[in-house]
1. Residue under question is Arg270, and the condition is that it be more than 16 Å from ligand 3 (Cβ to nearest atom), surrounded by fewer than 19 Cβ atoms within 10 Å (Cβ to Cβ) and more than 22 Å from the chain's Cα centre (by Cα); does it hold?
2. Exactly one condition in (1) within 19 Å of Val56 (Cβ to Cβ); (2) away from ligand 1 (no atom under 14 Å from the Cβ) is false for Leu198; which is it?
3. Going by the conditions given, is Asp178 surrounded by 16 or more Cβ atoms within 10 Å (Cβ to Cβ) and not in a loop (DSSP other than H, G, I, E, B)?
4. In the list Thr205, Thr146, which residue meets the criterion of being within 16 Å of ligand 3 (Cβ to nearest atom) and within 23 Å of Thr100 (Cβ to Cβ)?
5. As an exercise: evaluate Ala195 against (1) in a loop (DSSP other than H, G, I, E, B); (2) under 23 Å from Ala245 (Cα atoms); (3) hydrophobic (A, V, I, L, M, F, W, C) and give the number of the one condition it does not meet.
6. Where the second residue is of a type in the set (Lys, Arg) and open to solvent by less than 10 Å² (accessible area, probe 1.4 Å) and the first is within 15 Å of ligand 3 (Cβ to nearest atom) and lies in the range 231-254, which pairs have Cβ atoms under 6 Å and are six or more apart or on separate chains?
7. Take the range 256-267 and flag every residue that is assigned to a loop (DSSP other than H, G, I, E, B) and surrounded by fewer than 19 Cβ atoms within 10 Å (Cβ to Cβ).
8. For the range 160-201, name all the residues that are within 12 Å of ligand 4 (Cβ to nearest atom), closer than 16 Å to Asp252 by Cβ and at pLDDT 90 or above.
Amino acid sequence: YAAKSAREGVHVYVPDPHGGSGDRLRTMEELRTALDGDELLVHLQPQVGFADGRVVGVEALVRWQHPVRGLLSPADLLPAAEQAGLLRPLADTVLELALTAAELWWGTDPVPVSVNLSAANVNDVDLPGKVAAALDRHGLPADALTLELVEDTLMADPERGRQILGELRRLGVRTSIDDYGTGYSSLAYLRHLPADELKLDRSLTADVVGDRRAAAIVRHTVALAHDLGLRLVVEGVEDAASCAALARLGCDVAQGYAIARPMPVPDFLRWLASPEHPLLDPERLVRR
Ligand code: C2E
Ligand code: MG
Ligand code: MG
Ligand code: MG
């Protein structure tokens, strides 16, 4: 085995002959190092209005440029971060990366950046203070930031979910309920959640072309969101036909491969300077 000291003390690696847990330990240890260095980055994915194709937001999605394994996605790093108790420092880092990027365009294009939070952040009493301090450091107003929370995270402790959303909103930060429609959220709780937008999960919109039941669910969720004063964002819009269908169903904002893939910051800056996507060019939307 090898032993190595780190900020939080000494960690001992025990090679696992069966694979698995040894790899996991190594990943957790490497993630600690990554958080102290510059191996973490964000890719940015635009969000555009269905009505006019204008860019109304951009989501920051964490990536890990691992020295050996290459570019890793959240699915590869979030479980390790959770097991290592690193979800809070991870959120600090992603917030920092997202706001550093937003500073590059905010002066010319006031497009807010969305950052994903996890349960560990919801339970962090320092979160609102940290968010306010970060915005301050970057000279950005609160409405330059949207914070996304998946509904299950909010529902684990609905009272706490409501409290944290309220505190963030009082700062002036926008709040978004992510992956809406997949978890345990009940309409009773939705009634009390201070949020600005619902992000309808991809699983609910993927079959919207040609599946009347899928379309019915979207149509009714749109009506619910609007009656509650929320904006409805659809994620994972993959093709022009779905784009057209979701626009007809009254959705407000589109995000997905049909608009643009998540991309490195410099690529996003170029894209933002001259956006190109099917909603700006109705000819490219397949008519049905
Ligand atoms: P999410 O917040 O629902 O983000 C959307 C995911 O769908 C992203 O995956 C994005 O790359 C992917 N996506 C976008 N458009 C399309 C499409 O048209 N089709 C399909 N099939 N997928 C699309 P990604 O980047 O792998 O992130 C996965 C999840 O990891 C995110 O889901 C979010 O819950 C979480 N995540 C990402 N970044 C962070 C972070 O910084 N902190 C935390 N706590 N969670 C994060
Ligand atoms: Mg999200
Ligand atoms: Mg989502
Ligand atoms: Mg999702």
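1. Numbers: more than 16 Å from ligand 3 (Cβ to nearest atom): yes; surrounded by fewer than 19 Cβ atoms within 10 Å (Cβ to Cβ): yes; more than 22 Å from the chain's Cα centre (by Cα): no.
So Arg270 fails the test.
2. Going through the list (1) within 19 Å of Val56 (Cβ to Cβ); (2) away from ligand 1 (no atom under 14 Å from the Cβ), Leu198 breaks only (2).
3. Working: surrounded by 16 or more Cβ atoms within 10 Å (Cβ to Cβ): yes; not in a loop (DSSP other than H, G, I, E, B): yes.
Yes.
4. None of the other options fit; the residue is Thr146.
5. The one condition Ala195 does not meet is (2).
6. Between residues of the range 231-254 that are within 15 Å of ligand 3 (Cβ to nearest atom) and residues that are of a type in the set (Lys, Arg) and open to solvent by less than 10 Å² (accessible area, probe 1.4 Å), the close pairs are Val233/Lys199; Glu235/Lys199.
7. Within the range 256-267, Tyr257, Arg261 qualify.
8. Hits for the range 160-201 are Ser176, Ile177, Asp178, Tyr180, Lys199, Leu200, Asp201.
The values are calculated or read from the model by the stated rules, or taken from the named source; none is laboratory data. Keep in mind it's a predicted model, so treat the numbers as computed, not measured. Positions of Cβ are generated from backbone atoms using ideal geometry, with glycine treated the same way; all protein chains shown enter the neighbour counts. The area values use the complete protein model at the heavy-atom level, side chains included, leaving out ligands, DNA and RNA. Shrake-Rupley method; radii C 1.70, N 1.55, O 1.52, S 1.80 Å.
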